[in-house]
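Computed from the coordinates by the stated procedures, all read-outs in this text should not be read as laboratory data. None of the values given here were measured: they were computed from a predicted structure. Cβ: placed from backbone, ideal geometry, glycine included. Neighbour counts: every protein chain shown.
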Amino acid sequence: MHIVFCKFWKIVINDVCNAIDINPSLAGNQSSFTSANGQWSVDYFTGDVIFVPNAHFNGTESISYSIQNNLGQVSNLGQITVNLTAVNDAPITFSNYLSVTEDAGLQTGNVLSNGDYDVENAPLSCNLIPVVNAANGTFTISANGSFTYVSNPDFYGTETIVVSVCDAGSPLPSACNNDTLFIDITPVNDAPVALNDAFTVGENSITTLNQLANDSDIDNPIDLSSVAILFGPVHGTATLLNGQIVYTPTIGYVGADSIFYQICDSAAPLTD
């Protein structure tokens, strides 16, 4: 008996309807046998001979057998031959992990460098259009697996990108498998932003200036106790009250004056 199948199939051959021995070299009826290329077994209720090939095996596999009737009479040896034709296996891929800090700029790497391979040793390439693209940045990939990634400003968290890895087809057609890139973006403290202010005050008057009204911090509240006067004024005096500047001009002075100050957020770096 000669049968042709594609590999990975469970092959059932209904060849006999009585007792069967698939390893006649041993005493008694042998209902199972492990060969170099797979596992043979017998279902005595149906008379089926079952062959489960090893993963990725293709080629010819044969087994000898004998059958026995109800009188105990044993037949001559028969042979079952199974021919498994090759099919192309999809590439084996492994996830990639990248850890960067917030606003770290351009990141590069290669998704194929993490051990991706093809069972048939066919060359691998990546589809230029991701299966799942970056949601919080800009991602590009080349056919050879090299990629670039830039996160959006101030984003932190996990970015998950999925690309398709394909082989050259051995045999054709080509087969593909997904490869996942996990990018862990850890937060950093962004400095607060202090914007210039302009105020008009009266001559010989004491004025409280809310210079923090247009200042901001994307991560943390501005620490009012951190406000400090760095320079000025030239034509008066300035003190701080709950983070606001209290300005007193020199008696009789009319004109422009300047004060330079700095602020901090509740987690650190300075800005001016």
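A few remarks follow.
- Among [x] 131, 34, 22; [y] 56, 49, 41; [z] 46, 44, 35, the entry derived from the coordinates for Cα extents along the principal axes in Å: [x]
- Each of GLY236, PHE45, ALA267 was placed along the dipole of the chain (beta-carbon charges, centred on the mean Cα), and the one lying farthest toward the positive end is PHE45.
- Amide H within-cut-off set for ILE263, under 5 Å, with H built and near neighbours excluded: THR271
- Under-5 Å amide H pairs with VAL119, H placed in peptide plane, nonlocal only: ILE92
- In order along region 64-79, phi translates into HN-Hα couplings of 9, 8, 9, 10, 9, 8, 5, 8, x, 7, 9, 7, 6, 6, x, 9 Hz, rounded to whole numbers, per the Karplus curve 6.51 cos²θ - 1.76 cosθ + 1.60 with θ = phi - 60° and x for Gly and Pro.
- Gain upon complete extension [VAL131, SER216; 0.36 nm per residue less C-alpha separation]: 26.8 nm
- Placing unit charges on each Cβ (+1 for Lys and Arg, -1 for Asp and Glu) gives the chain a dipole about its Cα centre, and among THR34, VAL74, ASN54 the Cα reaching farthest toward its positive end belongs to VAL74.
- The overall shape of region 150-272, judged from the alpha-carbon gyration tensor, is prolate: a/c is not under 1.5, and a/b is greater than b/c.
- The chain: most fluctuating residue of SER216, SER258, SER113 per GNM, C-alpha cutoff 10 Å: SER258
- Beta bridge orientation in the chain: antiparallel %, DSSP, nearest 5: 85 percent
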